[in-house]
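A.B. asks: Handing you a structure now.
The values are calculated or read from the model by the stated rules, or taken from the named source; none is laboratory data. Remember, predicted model here, so these are calculated numbers, not experimental data. Cβ sites come from the backbone with ideal geometry, for glycine too, and all protein chains shown count toward neighbours.
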Amino acid sequence: MGLEKMTYQNLADKTGFSPATISRVLSGADSVRGETRQALLEKIADLGYETADFAARSKKQSRGIIIFNLPTLENPFYAEIISGAKAAAVQRGYQMLINEEHINESTINGFLAMLKKTQAAGLILTNHVAPCFLRRINDAISTVQCCEYDKNFDMPFVSIDDAQAARSAMQFLFSLGCKQIAFLNGPIRYKYARERLQGYRESLDAAGIEETPAFVMNLPEISYNLAVSAVSALFRSGARPEAIFCASDVFAAAVIKAAFREHISVPGDLMVVGFDNVPISWMTSPSITTINQPCERLGVSACELLAERIACGKNTVPASQGIFYETEIIVRESTAK
């Protein structure tokens, strides 16, 4: 059985190592500890795969460049997605370049010119893109959407069910006795923000709880400082929720900071739930209960789906057009009784 028939995600599932670690080991990178490298190579050997074929194949000339577009590098959520996508790109023989910019009327022409100049083979989009610009991009290059997607547009995507994830977070807070729950949300132009707000509101309605307008805060960007200011203003207004559900772990960390400034105990006086399970969620004190989404796997799948589309031709949509991954609640100190 040849390793060339295996994907990094398959190896990850079988060995328990992340796709990024597998990529670094098999490409000969020095950034992996010796014992980790040896353990992985032994597991691969036990499965009957040869690393020599992969090593030789990885040295072949690159098939081309994949562009990974994201709205901002400041949001830590994208780090593991990039890591997964890069690992899959390397395995498939592609190089990956990061492009940080919003795609709108003022940037679309420059963005398309960049794709042409780099002679990119494919594009992974994690940005919100209006349908009119999405159509122009799709006509120009093989594209896959990751996290953000337009369900009315005929383009492959990889994502999660944000509304269901939000409902799970709300049900968890209800189970702890919380009824007055605020929601700190990101820019409403993004699909994730609209659907998480939808899940929040559906949960309140199902529980027979009337929404408090002041408890819904839609911020213009994922910004720690903006979130601290918004939540501090909420606390000082006298509207005091029992819990705050946040659309980002960055926001959840900001809530904890604002609560500390106002002498509000977390979780004694206020429970906090975040979203994404990025490193800040366990670095913060108290550590943050959060919704985990498999970020690295999202990146791997998006890149593998893109490679499939490049092989088929950009006008062909693979059968696996939409891939959804499950989420889970990681319970930590910010909701402990």
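A.B. asks: Looking for whichever is in contact with a strand residue (DSSP E or B) (Cβ under 8 Å, 6 or more places away or on another chain), part of a helix (DSSP H, G or I) and modelled with pLDDT of 95 or more here; the options are ILE103, ILE82, ILE124, ILE65. Which one fits? It would help to see each step written out before you state the result.
C.D. replies: On the way: ILE103 fails: part of a helix (DSSP H, G or I); ILE124 fails: part of a helix (DSSP H, G or I); ILE65 fails: part of a helix (DSSP H, G or I).
Residue meeting the stated conditions: ILE82.
A.B. asks: Is the range 258-271 home to any residue that is among the β-branched types (Val, Ile, Thr) and either modelled with pLDDT under 95 or within 20 Å of the chain's Cα centre (by Cα) (or both)? So that I can check it myself, show each step before the final result.
C.D. replies: Step one: list which residues in the range 258-271 are among the β-branched types (Val, Ile, Thr), which gives 264, 266.
With the extra rule that they be either modelled with pLDDT under 95 or within 20 Å of the chain's Cα centre (by Cα) (or both), the set shrinks to none.
Within the range 258-271, not a single residue is among the β-branched types (Val, Ile, Thr) and either modelled with pLDDT under 95 or within 20 Å of the chain's Cα centre (by Cα) (or both).
A.B. asks: Select from the range 99-148 the residues that are exposed (fewer than 13 other Cβ atoms within 10 Å of the Cβ) and at positive phi and list them in ascending order. Steps first, answer last, please.
C.D. replies: Kept after step one, since they are exposed (fewer than 13 other Cβ atoms within 10 Å of the Cβ), are these residues of the range 99-148: 105-106, 109-110, 113, 116-117, 119, 131-132, 139.
Answer for the range 99-148, where residues must be exposed (fewer than 13 other Cβ atoms within 10 Å of the Cβ) and at positive phi: just GLN119.
A.B. asks: Okay, moving on. Quick check on the range 149-162: of everything there that is surrounded by 19 or more Cβ atoms within 10 Å (Cβ to Cβ) and within 18 Å of the chain's Cα centre (by Cα), which residue is farthest from ILE323 (Cα to Cα)?
C.D. replies: Step one: filter the range 149-162 for residues surrounded by 19 or more Cβ atoms within 10 Å (Cβ to Cβ), giving 149, 155-160, 162.
The next check asks that each one be within 18 Å of the chain's Cα centre (by Cα); those that pass are 149, 156-160, 162.
Details: TYR149: 11, PRO156: 8, PHE157: 6, VAL158: 5, SER159: 6, ILE160: 8, ASP162: 13 Å.
So the residue we want is ASP162.
Okay, residues lined up against (1) assigned to a loop (DSSP other than H, G, I, E, B); (2) more than 29 Å from VAL90 (Cβ to Cβ):
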| site | (1), (2) |
| --- | --- |
| ILE222 | yes, no |
| ALA230 | no, yes |
| ALA233 | no, yes |
| PRO241 | yes, yes |
| GLU296 | no, no |
| GLU308 | no, no |
| SER334 | no, yes |
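A.B. asks: Which of the residues belonging to the range 127-144 are part of a helix (DSSP H, G or I) and over 17 Å from TYR190 (Cβ atoms)? Walk me through it before giving the result.
C.D. replies: First pass over the range 127-144, keeping only residues part of a helix (DSSP H, G or I): 131-140.
Within the range 127-144, CYS132, ARG135, ARG136, ILE137, ASN138, ASP139, ALA140 meet the criteria.
A.B. asks: Ok, one more. Kindly indicate the residue of the range 225-234 that is small (Gly, Ala, Ser) and surrounded by 15 or more Cβ atoms within 10 Å (Cβ to Cβ) and also farthest from LYS257 (Cα to Cα) among those meeting that condition.
C.D. replies: Start the filter on the range 225-234 by keeping residues that are small (Gly, Ala, Ser), which leaves 227, 229-230, 232-233.
Now narrow it down to the ones that are surrounded by 15 or more Cβ atoms within 10 Å (Cβ to Cβ): 227, 230, 232.
Numbers: ALA227: 10, ALA230: 12, SER232: 9 Å.
So, considering only residues that are small (Gly, Ala, Ser) and surrounded by 15 or more Cβ atoms within 10 Å (Cβ to Cβ), the one farthest from LYS257 (Cα to Cα) is ALA230.
A.B. asks: Of the residues that sit in the range 85-100 and are of a type outside the set (Phe, Trp, Tyr) and part of a strand (DSSP E or B), which one is farthest from PRO220 (Cα to Cα)? Give the steps one after another, and end with the answer.
C.D. replies: Looking only at the range 85-100, we keep the residues that are of a type outside the set (Phe, Trp, Tyr), and these are 85-93, 95-100.
Then keep just the ones that are part of a strand (DSSP E or B); that gives 95-100.
Numbers: GLN95: 33, MET96: 29, LEU97: 27, ILE98: 23, ASN99: 21, GLU100: 17 Å.
Filtering first and then ranking leaves GLN95.
A.B. asks: Inside the range 188-222, can you point out the residues that are touching a residue at least 40 places away in the same chain (Cβ under 8 Å) and out of contact with any strand residue (DSSP E or B) (no Cβ under 7 Å at 6 or more places or on another chain)?
C.D. replies: Answer for the range 188-222, where residues must be touching a residue at least 40 places away in the same chain (Cβ under 8 Å) and out of contact with any strand residue (DSSP E or B) (no Cβ under 7 Å at 6 or more places or on another chain): ARG189, TYR190, LYS191, TYR192, GLU221, ILE222.
A.B. asks: Taking only the range 165-224 into account, find how many residues are farther than 21 Å from ARG240 by Cβ, surrounded by 14 or more Cβ atoms within 10 Å (Cβ to Cβ) and among the small types (Gly, Ala, Ser).
C.D. replies: Within the range 165-224, residues that are farther than 21 Å from ARG240 by Cβ, surrounded by 14 or more Cβ atoms within 10 Å (Cβ to Cβ) and among the small types (Gly, Ala, Ser) number 7.
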